[in-house]
Every structure is written in structure tokens, then in C-alpha cells.
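*Asks:* If you scroll down you'll find the structure; I have some questions about it.
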Amino acid sequence: MSMRLTRLLFSCSFTLFIVFVLSTTVAKASNLAEPVEFEALMVIYHTHEIEANLEIPVLKSMENEDIQDKLNTMFEDHAEAFVREVYSWYEEYAQMAKEYDFEPHTFVAYTRYSVTFNEAEILSIPVTYYQYTGGAHGMTEIRSYNIDLRNGNLFELRNILDDRQLATVNAEIKRQLLEDTESYFPEAAESFEGVADNQGFYLKNGELVIYFQLYELQPYALGFPEFIFSLDSLELSIEQIRHILSEKAEPASDS
């Protein structure tokens, strides 16, 4: 755990502070063509101001330790930034509680991740970021990390799909929005102009899963809208993705 995250955790008066590692390993990645090995770093702490329960992926045993360190730092930095963002609202909230004479509740910051694709030097990790700062319910966001392990760069949908494939994806999403009027907002189909350049997606079992955030296309209670495309239907393969990324390598993005 970095010194920055450690300083953040001890910046408040903690009633509970636990850090431990869960082994969630797969085949040892002595060769990057094999699945990369993981551990889950769990950081759990509780104050009267904020309760955090963070699951942070930690890559292990990569031949290129610079890439491994870069990715592990990114995951940790993003967890730190998330807690900082949630905690930054507490002072204003506490002042409001004092002004209107009510007992302030504890803010919550929670992360969990899953590894949906881990082979052929390509990695997909959707991370769930949940926060509760008040109101009827908390708010959850999914951020996907799609990574070319050969260079440690993140890649986006526009990096692996050409205009024809994007048109296929957009047409199918539009079709589903038009047909399933019970699940999606009435205006969803009309307002849908195509997937964004930074559209959320991940790879899983020979499929490309494109998702939208809560409230984007449907009510909160229905969760995250997902549109699943087999790679075959897009005339795409993992080997083609590897080749495309090799030709269109871009600087890594941490956002």
C-alpha cells in the first residue's frame, strides 16, 4: 500500500482499521500470454465520518515489473481518489447538520472488482464504486479497466472497433431501446445518438459487454443496462484485438 493511501487512511480518528490480502490467484504469469496472477488488497476502516470497505486488485508475478507497478499504482490511486471525493463532502454536510440540528450519519465508500477477461495479454476488470452520502439510497458507478498487458495501456471501445462495427453496435442498441419500452425510459431511443468514445465496456467469455450507468437509459431499480455482443457477430477476435492495439498503441490513460 502506497504512502499516499496510508496517509489518507490515518488522516481521521479511526475506530476500526483493517488491511488484509485475499488470494484470488490464477495461473502464474511467467509468460504474459498466460493469465496474470492477482491478489485482492482489502482496506477496511470506520470513523464517525466515513466507513470505507475497499477491494483493490493487485497484479503479481509479471515479468515486466515496471508495467506491474504502474498498473497497481493506478488501481490504488483510483481507490484513494474515490475515498477523497466522498470524504470531501462531509465537512459541508456536517455544517448543515449543525445548522439544522440533526445527527449526521456516516458516509460510505465501497469498491469491489471482478476479472472478466484475463488471457492473451488482454485484461478486463470492471470495478464497482459505491457511495452513500445521504438520501433514499446510495449511488453506484462501474468503471472498467481494459488493459493491454504488453505495454500497460488502457484501451477504449473506439480503439478496437471500426466505423462499421460501431454502426452495428449502435443499430442493435437502438433496436433494443425501441422494442423494450417497459425497461427503458420512453425517450431513451430518441435521445440515443450512439456509444460514446469513452463508453463503458468489458470483455467476457468471447463477448463484448457494453454498459451504461444508472439512470442513463432506465430507472435506478433496474440497474445497469447491458448490451452483449458476441465477438463473432462483430467479426472480431481476441487475436485481432491484439493486432489492432499493436498498430494503434496510444499513451496510457489513468482516468
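The values are calculated or read from the model by the stated rules, or taken from the named source; none is laboratory data. These figures come from a predicted structure and were not determined experimentally. Heads up, the Cβs are rebuilt from the backbone with ideal geometry, glycines too, and the neighbour counts pull from every protein chain shown. Remember, those area values only see protein heavy atoms, side chains included, never the ligands or the DNA or RNA. Shrake-Rupley method; radii C 1.70, N 1.55, O 1.52, S 1.80 Å.
*Asks:* If you split all Cα-Cα distances of region 111-255 into 10 Å bins from zero, what percentages do you get per bin, shortest first?
*Replies:* Over region 111-255, the share of Cα pairs per 10 Å bin runs 10, 39, 34, 14, 2 percent.
*Asks:* Using a 1.4 angstrom probe and counting only protein chains, how large is the accessible area of Ser230 in Å², to 10?
*Replies:* Result for Ser230: roughly 50 Å² accessible.
*Asks:* From the protein chains alone at 1.4 Å, what is the descending order of accessible area for His78, His137, largest first? Provide the component values of the computation, followed by the final result.
*Replies:* Working: His78 25, His137 70 Å².
The ordering from most to least exposed comes out as His137, His78.
*Asks:* Straight-line reach from Lys60: which lysines have a Cα under 18 Å away, not including same-chain ones fewer than 8 places off?
*Replies:* Counting by Cα, and skipping residues close in sequence, Lys60 has these lysines nearby: Lys28, Lys70.
*Asks:* Given the peptides 107-113, 157-163, arrange them by the average over their residues of other C-beta atoms within 10 Å, most packed first. Show your work: numbers first, answer last.
*Replies:* On the way: 107-113: 19.9, 157-163: 16.6.
By packing density, highest mean first, the sequence is 107-113, 157-163.
*Asks:* Distance in nm between label sites at Phe185 and Ile244, each 7 Å beyond Cα in the beta-carbon direction?
*Replies:* 2.9
*Asks:* Test of understanding: extend the Cα→C-beta vector of Phe102 to 7 Å, then name every residue of region 118-142 with backbone N under 12 Å from that spot.
*Replies:* Only 134-136 fall inside the zone, counting backbone N under 12 Å.
*Asks:* Just to make sure I understand: if all protein chains stay in place, what is the order of Glu103, Glu207 by accessible area at 1.4 Å, largest first?
*Replies:* From most accessible down to least: Glu103, Glu207.
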